[in-house]
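Student: Dropping the structure in here first, questions after.
The values are calculated or read from the model by the stated rules, or taken from the named source; none is laboratory data. Predicted model, so just to flag it, every value in this text is computed and none were measured. We place every Cβ from the backbone using ideal geometry, glycine too, and count neighbours over all the protein chains shown.
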Amino acid sequence: MRRLFLISVPYLWLLALFVVPFLIVLKISLSDTALAIPPYMPTLGFSEGWAGIKQFFADLDFENFVFLTEDDLYWKAYLSSLQIAAISTLLTLLVGYPVAYGMAMAPDEWRPTLMMLVILPFWTSFLIRVYSWIGILSQEGFLNQFLLWTGLISEPLMILNTKIAVYIGIIYTYLPFMILPIYAALEKLDGSLLEAAEDLGCSRLSAFWLVTIPLSKSGIIAGSFLVFIPALGEFVIPSLLGGSGTLMIGKVLWEEFFSNRDWPVASAVAVVLLLILIIPIILFQRNEQKEREKDQ
């Protein structure tokens, strides 16, 4: 019974917080738009029993999903979101890996302090941190004033309401999610392996590429997934920093739900987004399983 209880807890959690909400959204995506509260007409009603369920499958259509393929806005939003998420993940890796490497190579007494500095931004509200970048990146913001003061530019740069601002916001927000897994992998690195590589004729750079990078691959993969998956459906950062010119599926989803009040189409957008996210989630889980098997 104890084993059954321990196994059932995560499955019940998954059922309550993922499967049930997903089925509700899927049910709405197969409904018809209506001027009502809520603004859709369910095509599946359990009040009629099995007869209603049979009628639902008999009349089943994917009109809302077909509509997504007919309007350029949606597939362009998906492609733009994939591009922004992929580039942001790569840039976050380029910034986060040196930081994680420096933390792993630091003396033991400094590591807790460095770890605290990495997670320190989480002590502040996410929304406040994003809003602070508006004051930094605007034409009258701190960054432009500093560059003007140093003489590097002669007029303020237009950074806010561009994709560059979105990249900056995503990198800043999700950087700890990249640093911590890589740091955890590098911290377990055996220094004697690097010494052996150098004794065998490798330079420090060669030893880094041939030994350090492969042994930290699990942290790189985990950090990349932890950044890419939430960045793909990001809404707050592109809305506040990207402006109207930045097209991401999270913004389209919000517009469909709250501005157009087209819940069936919005639910279809959410279902497709989830199906896209399932691929990296499955790959991430398989990678974690392989790493656990190696550790055993």
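Student: Count, please, the residues in the range 175-208 that happen to be buried (at least 19 other Cβ atoms within 10 Å of the Cβ), of a type outside the set (Ser, Thr, Tyr) and under 13 Å from Met105 (Cα atoms).
Tutor: Number satisfying all stated conditions: 3.
Student: So how many residues does the range 53-77 have that are loosely packed, with under 14 Cβ neighbours inside 10 Å and at pLDDT below 80?
Tutor: Looking only at that region, the number is 7.
Student: All but one of (1) crowded, with 20+ Cβ neighbours inside 10 Å; (2) aromatic (Phe, Trp, Tyr); (3) within 15 Å of the chain's Cα centre (by Cα) hold for Tyr172, so report the exception by its number.
Tutor: For Tyr172, the exception is condition (1).
Student: Quickly run through the range 134-162 and pick out the residues that are crowded, with 16+ Cβ neighbours inside 10 Å, within 16 Å of Pro238 (Cα to Cα) and not aliphatic (A, V, I, L, M).
Tutor: Of everything in the range 134-162, those that are crowded, with 16+ Cβ neighbours inside 10 Å, within 16 Å of Pro238 (Cα to Cα) and not aliphatic (A, V, I, L, M) turn out to be Ser138, Asn161, Thr162.
Student: Keeping to the range 1-37, report how many residues are in contact with a strand residue (DSSP E or B) (Cβ under 8 Å, 6 or more places away or on another chain) and assigned to a helix (DSSP H, G or I).
Tutor: So in the range 1-37, the residues in contact with a strand residue (DSSP E or B) (Cβ under 8 Å, 6 or more places away or on another chain) come out as 28, 31-34.
Pick out the ones that are also assigned to a helix (DSSP H, G or I) and you get 28.
Residues in the range 1-37 being in contact with a strand residue (DSSP E or B) (Cβ under 8 Å, 6 or more places away or on another chain) and assigned to a helix (DSSP H, G or I): 1 in total.
Student: List pairs: first residue in the range 175-196 and more than 14 Å from Thr212 (Cα to Cα), second residue modelled with pLDDT under 90 and not in a helix (DSSP H, G or I) anywhere in the structure, Cβ distance under 8 angstrom, at least six positions apart or on different chains.
Tutor: Every condition considered, no pair remains.
Student: Does the range 256-276 hold any residues that are closer than 19 Å to Ile237 by Cα and either of a type in the set (Lys, Arg) or surrounded by 15 or more Cβ atoms within 10 Å (Cβ to Cβ) (or both), and which are they?
Tutor: Scanning the range 256-276 gives Glu256, Phe257, Ala270, Leu273.
Student: Going by the conditions given, is Leu91 at pLDDT 90 or above and touching a helix residue (DSSP H, G or I) at 6+ places or on another chain (Cβ under 9 Å)? Steps first, answer last, please.
Tutor: On the way: at pLDDT 90 or above: yes; touching a helix residue (DSSP H, G or I) at 6+ places or on another chain (Cβ under 9 Å): yes.
In short, yes.
Student: As an exercise: evaluate Val271 against (1) under 20 Å from Pro39 (Cβ atoms); (2) at pLDDT below 90; (3) among the β-branched types (Val, Ile, Thr) and give the number of the one condition it does not meet.
Tutor: Against the list (1) under 20 Å from Pro39 (Cβ atoms); (2) at pLDDT below 90; (3) among the β-branched types (Val, Ile, Thr), Val271 comes up short only on (2).
Student: Consider only pairs whose beta carbons are under 7 Å apart and that are at least six residues apart or on different chains; among these, list those whose first residue lies in the range 74-99 and is farther than 14 Å from Gly223 by Cα and polar (S, T, N, Q) and whose second residue is in a helix (DSSP H, G or I) and modelled with pLDDT under 95.
Tutor: Filtered contacts from the range 74-99: Ser81/Leu232; Ser81/Ile249.
Student: How many residues, within the range 209-252, are aliphatic (A, V, I, L, M), surrounded by fewer than 21 Cβ atoms within 10 Å (Cβ to Cβ) and more than 17 Å from Ile87 (Cα to Cα)?
Tutor: Residues meeting the conditions: 6.
Student: Restricted to the range 109-144, and to residues that are small (Gly, Ala, Ser) and out of contact with any Gly (no Cβ under 7 Å at 6 or more places or on another chain), which residue is nearest to Glu187 (Cα to Cα)?
Tutor: Of all residues in the range 109-144, those small (Gly, Ala, Ser) come to 125, 132, 135, 138, 141.
Going one step further and asking which of them are out of contact with any Gly (no Cβ under 7 Å at 6 or more places or on another chain), we end up with 125, 132, 138.
Numbers: Ser125: 29, Ser132: 33, Ser138: 39 Å.
Within the range 109-144, the match that is nearest to Glu187 (Cα to Cα) is Ser125.
Student: Show the residue pairs meeting these rules: Cβ distance below 9 Å; 6+ apart or different chains; first residue within the range 140-152 and farther than 17 Å from Ala165 by Cα; second residue part of a helix (DSSP H, G or I).
Tutor: Partner pairs satisfying both residue conditions: Leu152/Phe146.
Student: Further question: For the range 113-127, give me the residue count where each residue is modelled with pLDDT of 90 or more and either loosely packed, with under 10 Cβ neighbours inside 10 Å or farther than 14 Å from Leu175 by Cβ (or both).
Tutor: Looking only at that region, the number is 2.
Student: Inspect the range 193-215 for any residue being within 19 Å of Gln285 (Cβ to Cβ) and at pLDDT below 90 and give the result as yes or no. I'd like the intermediate steps shown before the answer.
Tutor: At the first step, the residues of the range 193-215 found to be within 19 Å of Gln285 (Cβ to Cβ) are none.
Taking every residue of the range 193-215 in turn, none turns out to be within 19 Å of Gln285 (Cβ to Cβ) and at pLDDT below 90.
Student: Kindly provide the set of residues from the range 142-181 that are assigned to a helix (DSSP H, G or I) and hydroxyl-bearing (Ser, Thr, Tyr), ordered by number. I'd like the intermediate steps shown before the answer.
Tutor: From the range 142-181, those assigned to a helix (DSSP H, G or I) are 142-150, 163-181; that's our starting set.
Hits for the range 142-181 are Thr150, Tyr167, Tyr172, Thr173, Tyr174.
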